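Data first, discussion second: the structure below is written as structure tokens.
Quick note: the coordinates plus some simple rules give every number you see, no bench work behind them. All figures in this text were calculated on a predicted structure; none of them were measured in a lab. Every residue, glycine as well, gets a Cβ built from its backbone with ideal geometry; the counts of neighbours run over all protein chains shown.
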Ligand SMILES: *[C@@H]1O[C@H](CO)[C@@H](O)[C@H](O)[C@H]1NC(C)=O
């Protein structure tokens, strides 16, 4: 079982290395200038948004389970169930620790978390990605990646 865990941790390390490289290209820091003077605007990280105060962008975050949306119909922090389903993990059932679940981590409703089976028949353990990373298990991606990668793999573009 340790072998499975170390393979997964290896994958994690790899995805972190991959996303470290991406970080050099795309920064997730607060923008230097205000995009809007009197409106909020969204960040790559779906939980976060910015507003302008005295010409300085201020970063803020939605409550847990809420995500920032700004489009033709919605503006503000929406609960996960009102989000585009491509963007969130709704009604997640965490499977028992047998079969495939022993080999691969499982998604969590908390986007920055994932579930891991320590051994056959154990209770799955909920773990959290490193800071500013989000769990992706889709289209060959498996591990913790930056939000830009998450959005592109999930088909959930930033507004
Ligand atoms: C705006 O975003 C919300 C949440 O993702 C979505 O449900 C809604 O359909 C979107 N509206 C438009 C016009 O794209």
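Side notes on the structure shown:
- Working from Cα pairs under 8 Å separated by at least six residues, relative contact order for segment 51-159 is 17 percent.
- The slack in the chain from residue 36 to residue 81, taken as 0.36 nm per residue of separation less the alpha-carbon distance, amounts to 13.4 nm.
- Residue exposure proxy: 119, 37, ordered by other Cβ atoms within 10 angstrom of their Cβ from fewest to most, comes out as 37, 119.
- Put in line by how crowded their Cβ is, counting other Cβ atoms within 10 Å and starting with the fewest, 133, 81, 70 read 81, 70, 133.
- Ranking of 69, 30 by count of other Cβ atoms within 10 Å, fewest first: 30, 69
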